[in-house]
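Colleague: Below is a structure I'd like to ask you about.
The values are calculated or read from the model by the stated rules, or taken from the named source; none is laboratory data. Just so it is clear, the model here is predicted, and its values are computed rather than measured. No Cβ is skipped: glycine too gets one built from the backbone with ideal geometry, and neighbour counts run over all protein chains shown. Protein only, heavy atoms only, side chains kept; ligands, DNA and RNA dropped before computing areas. Shrake-Rupley method; radii C 1.70, N 1.55, O 1.52, S 1.80 Å.
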Amino acid sequence: MHPSIKYMRTWLLICLSCLVLGWSFPAIAVSSANPKLEQQVLQILREHPEVIIESVQKFEQQQQQKLQQTRQVFLQDLKTNTQLVIGDSPTIGSPQSKIVLVEFSDFQCPYCAEAHKTLKQLLTKYPNKFTLVYKHFPLIPIHDQALPAAKAAWAAYQQGKFWEYHDALFTHQQQLSEDLYLSTAKSLNLDVEKFKTDAFGVNPIAEQAISKDIQLAEKLGLGGTPFFIMNSNNFSGVVQLSKIESLLANAQSEGIGHQ
């Protein structure tokens with residue numbers, strides 16, 4: 001390859017990589033360059049369109065590898081330092097179980113509401129076989145009540161009533177609103193003034209806690225909700241809701257429900 005073409009190909013790959021990361025930078029970079037350089041770049045694009053495909057494919061492969069590495073680190077932490085992964089998140093089930101199921105969920109997501117019904121059945125059927133960990137992942141761009149509902153649930157958690165509040169939000173998902181959040185707090189005999197301060201006051205602690213979960217979800221490359229990650233003696237990784245019961249049943253038959 002001619003040196004100038006090789007140089008331009010390298011420059012083009014850099015531009016294309018930037019293009020994947022942010023559409024605005026390459027346009028600025030190219031337009032601010034020497035007009036002759038800009039024409040050379042355009043000419044290479046016309047003559048070697050495969051460069052675009054190669055660049056994008058390489059970037060996607062790198063991103064996928066990075067994602068897999070991140071998830072492997074998370075799974076290792078879930079196995080060897082479970083409490084670190086759980087952090088301050090709400091849990092239910094057996095605290096002594098070797099099986100940990102981490103759920104990323106959104107109170108306004110209809111699929112999460114369906115998953116909630118299944119998980120309640122599993123907790124009833126296998127009360128001592130697993131620990132369910134709830135992580136907030138409100139899909140804010142598409143669900144306008146997802147974040148307010150998450151903040152309200154967090155406020156209920158501060159008074160020891162997360163799971164009761166969680167159940168009420170999913171049961172009345174079609175009525176998510178501040179009126180519902182307050183009436184549910186009253187029905188659960190929460191300190192309503194404290195609840196309002198925690199959920200809707202100027203104190204940013206609720207949003208900070210929820211943002212921590214969101215950042216973890218994004219780091220793990222989650223594309224939607226509900227999303228489950230499970231760790232047990234015979235399984236570790238992302239799991240579909242439909243497969244959770246069979247894994248729990250296998251664990252029960254193998255007698256690994258407790259330490």
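Colleague: Under the condition of being of a type in the set (A, V, I, L, M, F, W, C) and open to solvent by 30 Å² or more (accessible area, probe 1.4 Å), which residue from region 219-246 is farthest from the chain's Cα centre (by Cα)?
Modeller: Phe235
Colleague: Go through (1) of a type in the set (A, V, I, L, M); (2) crowded, with 20+ Cβ neighbours inside 10 Å; (3) touching a residue at least 40 places away in the same chain (Cβ under 8 Å) for Ala168 and report which single condition fails.
Modeller: Of the numbered conditions (1) of a type in the set (A, V, I, L, M); (2) crowded, with 20+ Cβ neighbours inside 10 Å; (3) touching a residue at least 40 places away in the same chain (Cβ under 8 Å), the odd one out for Ala168 is (3).
Colleague: Looking only at region 182-198, how many residues end up being within 12 Å of Leu169 (Cβ to Cβ) and aliphatic (A, V, I, L, M)?
Modeller: Looking only at that region, the number is 2.
Colleague: Another one. If you take the residues of region 126-165 that are in a helix (DSSP H, G or I) and under 29 Å from Asn233 (Cα atoms), which of them is least open to solvent (accessible area, probe 1.4 Å)?
Modeller: Across region 126-165, the extreme among qualifying residues is Phe162.
Colleague: Condition test on Ser187, is it surrounded by 13 or more Cβ atoms within 10 Å (Cβ to Cβ) and of a type in the set (S, T, N, Q)?
Modeller: no
To keep it simple, each residue is scored yes or no on (1) within 28 Å of Leu78 (Cβ to Cβ); (2) in a strand (DSSP E or B); (3) touching a residue at least 12 places away in the same chain (Cβ under 8 Å); (4) not acidic (Asp, Glu).
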site: Asn189; (1), (2), (3), (4): no, no, no, yes
site: Phe195; (1), (2), (3), (4): no, no, yes, yes
site: Glu207; (1), (2), (3), (4): yes, no, yes, no
site: Gln215; (1), (2), (3), (4): yes, no, no, yes
site: Glu218; (1), (2), (3), (4): yes, no, no, no
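Colleague: Now for a separate question. Of the residues that sit in region 68-125 and are assigned to a helix (DSSP H, G or I), β-branched (Val, Ile, Thr) and over 18 Å from Gly223 (Cα atoms), which one is most open to solvent (accessible area, probe 1.4 Å)?
Modeller: That would be Thr124.
Colleague: Quick check on this structure: which one of Gln174, Gln208, Gln159, Gln145 is farther than 14 Å from Cys112 by Cβ and out of contact with any Asp or Glu (no Cβ under 7 Å at 6 or more places or on another chain)?
Modeller: Checking each option against the conditions leaves just Gln208.
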